[in-house]
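The values are calculated or read from the model by the stated rules, or taken from the named source; none is laboratory data. The shown structure was predicted, so the numbers you read here are calculated from the model rather than taken from an experiment. Don't worry about glycine lacking a Cβ; one is built from the backbone with ideal geometry, like all the others, and counts go over all protein chains shown.
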Amino acid sequence: MSENKQKWDSNLSFLFAMIGSAVGLGNIWRYPYVAYTNGGGSFLIPYIVSIICMGIPLLFVEYGAGFKFKAGMSKIVREINKKYEYLGWFILTPTFFILTYYCCVVAWDLIYLPLSFTKGWGASPDNFFTNIVLDAGNPGGLFHIAILVLCAVVIVWFILWFISHRNLNEGVGKFNKIFIPLLFVMMIIIVLSAITLPGASIGIAKLLTPNLSAIFDLNIWLAAFGQILFSLSVGMSIALAYASYLDDKTDLPKNALTVAIANSLFEIFTAIGVFAILGYMSTTHNIPIDQLVSQGTGLAFVVFPQIFNVMGTLGYIIGPLFFFCLLFAGLTSNISVIEPLALAISDKFALSRSKAVTIVCGAGFIISLIYTTSMGGDLLGIVDTFANNFGVVFNVILEIIIFAWIYGLENIIPSINKNAKFLKLGHKWTILVKYVILVIVLCIWISGIVTTLLSGETLTVTVELILFIALIGIPAVLTKLPARNDDY
Ligand code: PFF
């Protein structure tokens, strides 16, 4: 991997890999909730503005850097200035945190997938998830392993390793080209079935009814910007790694636009399906939608199983399709997180792709074992909040400082524009990233930190402290280790 290098065999492979990374669990279980709680139909305005003014411009930065330098984050930063290598590893560390827990969420889904064919979670999905799957009530806490989760986590890691350690096009490329279209087709079937359910239109109306005052609420704008950062997987160095494998003839702006549009269409379309299903439950069982709406695991492993339980035969079809969608969306995103880490390691230590992926997966697997304990669910939530609210958003700030302020975006523009046919970047993009986006991301970061700090329970604070030490320490060790690659 270090002598770069691997190359995508076609632009389509790159596109599907990028869409696979962007379209993840967040599109299915985060966006509908965020949109609903932030102004419903009116949310589309801040949302679209933030795609255009922040999401796509930031994608250009990561694409441009990867495409120009043809290397991973730590090597690029080192090439800009030897003294900054630490920052490169620092940026990669939250990405590693995400890798360690995201696979566990995919593992939970893997448990639910076979159960969905028989509605095997029983009459009380809430109790089933907390006490049977997570075994959260077990007094053994950190010293008790939830066996079911452990088995599923081992399988997920094996799948991730198996796909990623192979040649780029045979593994990651092929996997995304098969499973992304499959995911889209399955989601279309779910949404089309969902909108025919009684009460569906009531749910959809709830999602889309505009609350115009929302447009004047700063928090809603911050929520939209935050959703776009997460949804497009910016700040994790994924786009940068994937773009480093691109052929020199690629039209970068066209690719970035395609990824952003595909991601948002999927997200909005899925939200319609989710709210149609919630509307069905609300109408048929006379439960206010507000009591049903939730996000994350609460939506996927509690509310939806409850709804599938009352859906009759259709529940046996939509249920498995839903868990298949989560699995494919989760795996394709999960695979993308391995890439920037493996690339950086092979850049520095002159390792083959296969060896670098094995090291990343091995380290990730060992750490992910803590989420298979009875405290796993709680710990996962804390690491998730820390890695995203604190780490990834801060990464975006660092990326802007490194590429826009120190290196200069004008030095990246020629590479981005080289093959651009209908959109060329110029001075306006530079100003946008350097000043406007920097200020917006700073606001998101500060508001995220305030929320995180306010939740000051002992467990949360302790875990955050450990994460903080790891965030400072891991990059220091990786920077100190001597490089084995001559051109590093
Ligand atoms: N864009 C992804 C999503 O919406 O779920 C974000 C993501 C999270 C990508 C975690 C990759 C990942 F491992």
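Let me spell it out: the conditions are (1) surrounded by fewer than 23 Cβ atoms within 10 Å (Cβ to Cβ); (2) within 16 Å of the ligand (Cβ to nearest atom); (3) at positive phi, and residue 297 meets all of them except one. Which number is the exception?
Against the list (1) surrounded by fewer than 23 Cβ atoms within 10 Å (Cβ to Cβ); (2) within 16 Å of the ligand (Cβ to nearest atom); (3) at positive phi, residue 297 comes up short only on (3).
Among residues belonging to the stretch 1-37 that are closer than 20 Å to residue 274 by Cβ and not in a helix (DSSP H, G or I), point out the one that is modelled with the highest pLDDT.
Checked the stretch 1-37; the qualifying residue modelled with the highest pLDDT is 23.
Answer yes if at least one residue in the stretch 329-344 is closer than 22 Å to residue 204 by Cβ and surrounded by 24 or more Cβ atoms within 10 Å (Cβ to Cβ), and no otherwise.
Yes - at least one qualifying residue is present in the stretch 329-344.
Under the condition of being more than 16 Å from the ligand (Cβ to nearest atom) and aliphatic (A, V, I, L, M), which residue from the stretch 300-320 is surrounded by the fewest Cβ atoms within 10 Å (Cβ to Cβ)?
Out of the qualifying residues, it is 310.
In the stretch 278-294, which residues are crowded, with 19+ Cβ neighbours inside 10 Å and in a loop (DSSP other than H, G, I, E, B)?
The one that is crowded, with 19+ Cβ neighbours inside 10 Å and in a loop (DSSP other than H, G, I, E, B): 293.
Can you tell me which residue in the stretch 16-51 is farthest from residue 187 (Cα to Cα), limited to those that are within 16 Å of the ligand (Cβ to nearest atom) and among the hydroxyl-bearing types (Ser, Thr, Tyr)?
The selected residue is 50.
Consider residue 342 carefully, then state whether it is assigned to a helix (DSSP H, G or I) and farther than 19 Å from residue 183 by Cβ.
yes
Going by the conditions given, is residue 199 touching a residue at least 40 places away in the same chain (Cβ under 8 Å), crowded, with 22+ Cβ neighbours inside 10 Å and among the small types (Gly, Ala, Ser)?
Answer is no for this residue.
Scan the stretch 224-254 residue by residue and report those that are more than 11 Å from the ligand (Cβ to nearest atom), modelled with pLDDT under 95 and under 21 Å from the mean Cα position of the chain (by Cα).
224, 225, 226
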